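Reading through the structure tokens given below for one structure.
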Amino acid sequence: MSKVIDKLAWLHIENKKLLAVRSHDKTLFYIPGGKRELGESDEQALTREIKEEISVDIYQNSIKYAERFSAQADSKNEGIIVKLTCYYADHEGELKPDSEIAELRFLTSTDKELCSLATLKVIDWLYKRDLIE
């Protein structure tokens, strides 16, 4: 039986490019977000994680479900799956790396070699809907 890492992710698109982040000591980029803490709703967890990772405030009343994706978790044993529940949301503040985040980057469908497996699925989905280049 496979283990599932359940994460929330924020799909932030500017100029047809998707915001992605890279953690310290990692090479691949992923969609910003993270895991729920005990008792948190998706909205609460997403808001907290985005504030911790990239220093912006998400407007909770603007959060809208996008899609769910699953893929083999990068740098984990075979069969460990990451499940991303993705949301769109408006925000305020300047995007900047914080906490464990070393770098922010806006990606297109031509940046696949930089991405985690789950991020690749998100990029393909967004590209097919003409939301990113």
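Restricting attention to region 72-95, and to residues there that are out of contact with any Ser or Thr (no Cβ under 9 Å at 6 or more places or on another chain) and at pLDDT 95 or above, which single residue is nearest to VAL4 (Cα to Cα)?
Of everything passing the filter in region 72-95, THR85 is nearest to VAL4 (Cα to Cα).
So for region 63-71 (the condition being at pLDDT below 95 and either touching a helix residue (DSSP H, G or I) at 6+ places or on another chain (Cβ under 7 Å) or assigned to a loop (DSSP other than H, G, I, E, B) (or both)), does at least one residue qualify?
Checked region 63-71: at least one residue is at pLDDT below 95 and either touching a helix residue (DSSP H, G or I) at 6+ places or on another chain (Cβ under 7 Å) or assigned to a loop (DSSP other than H, G, I, E, B) (or both).
Can you give me the number of residues within region 112-133 that are farther than 18 Å from TYR65 by Cα, within 16 Å of the chain's Cα centre (by Cα) and touching a residue at least 12 places away in the same chain (Cβ under 8 Å)?
Let us first name the residues in region 112-133 that are farther than 18 Å from TYR65 by Cα, namely 112-117, 120, 133.
Okay, now just the ones that are also within 16 Å of the chain's Cα centre (by Cα), so 112, 114-117, 120.
Remaining after also requiring touching a residue at least 12 places away in the same chain (Cβ under 8 Å): 114-117, 120.
So the count comes out to 5.
Taking the residues in region 80-94 that are part of a loop (DSSP other than H, G, I, E, B) and touching an Asp or Glu at 6+ places or on another chain (Cβ under 9 Å) as candidates, determine which candidate is surrounded by the fewest Cβ atoms within 10 Å (Cβ to Cβ).
By that ranking, first place goes to GLY93.
So if I check each of LYS16, LYS26, which one is modelled with pLDDT under 95 and either surrounded by fewer than 21 Cβ atoms within 10 Å (Cβ to Cβ) or within 14 Å of ASP98 (Cα to Cα) (or both)?
On the way: LYS16 fails: modelled with pLDDT under 95.
Answer to the selection: LYS26.
If the Cβ limit is 6 Å and pairs must be 6+ apart or interchain, which residue in region 90-107 that is within 18 Å of ILE63 (Cα to Cα) pairs with which residue that is in a strand (DSSP E or B)?
Listed by first residue and then by second, the contacts come to HIS91/ILE58; GLU92/ASP57; GLY93/ASP57; LEU95/LEU104.
I want to confirm something. Restricting to region 95-116 and keeping residues that are in contact with a strand residue (DSSP E or B) (Cβ under 8 Å, 6 or more places away or on another chain) and surrounded by fewer than 13 Cβ atoms within 10 Å (Cβ to Cβ), which single residue is nearest to GLU14 (Cα to Cα)?
Among those that are in contact with a strand residue (DSSP E or B) (Cβ under 8 Å, 6 or more places away or on another chain) and surrounded by fewer than 13 Cβ atoms within 10 Å (Cβ to Cβ), it is LYS96.
Can we say SER75 is part of a loop (DSSP other than H, G, I, E, B) and polar (S, T, N, Q)?
Yes: the conditions hold for SER75.
Of the residues that make up region 72-79, is at least one surrounded by 14 or more Cβ atoms within 10 Å (Cβ to Cβ), among the small types (Gly, Ala, Ser), touching a residue at least 24 places away in the same chain (Cβ under 8 Å) and under 24 Å from LEU131 (Cβ atoms)?
Checking region 72-79: not a single residue is surrounded by 14 or more Cβ atoms within 10 Å (Cβ to Cβ), among the small types (Gly, Ala, Ser), touching a residue at least 24 places away in the same chain (Cβ under 8 Å) and under 24 Å from LEU131 (Cβ atoms).
For region 117-128, how many residues meet the condition of being basic (Lys, Arg) and either touching a helix residue (DSSP H, G or I) at 6+ places or on another chain (Cβ under 9 Å) or surrounded by 15 or more Cβ atoms within 10 Å (Cβ to Cβ) (or both)?
Result for region 117-128: 1.
For region 95-124, give me each residue that is assigned to a helix (DSSP H, G or I) and not hydroxyl-bearing (Ser, Thr, Tyr).
The answer is LYS112, GLU113, LEU114, LEU117, ALA118, LEU120, LYS121, VAL122, ILE123, ASP124.
The values are calculated or read from the model by the stated rules, or taken from the named source; none is laboratory data. Computed from a predicted model, the values in this text were never measured in an experiment. Glycine also receives a Cβ, built like all others from the backbone with ideal geometry; neighbour counts cover every protein chain displayed.
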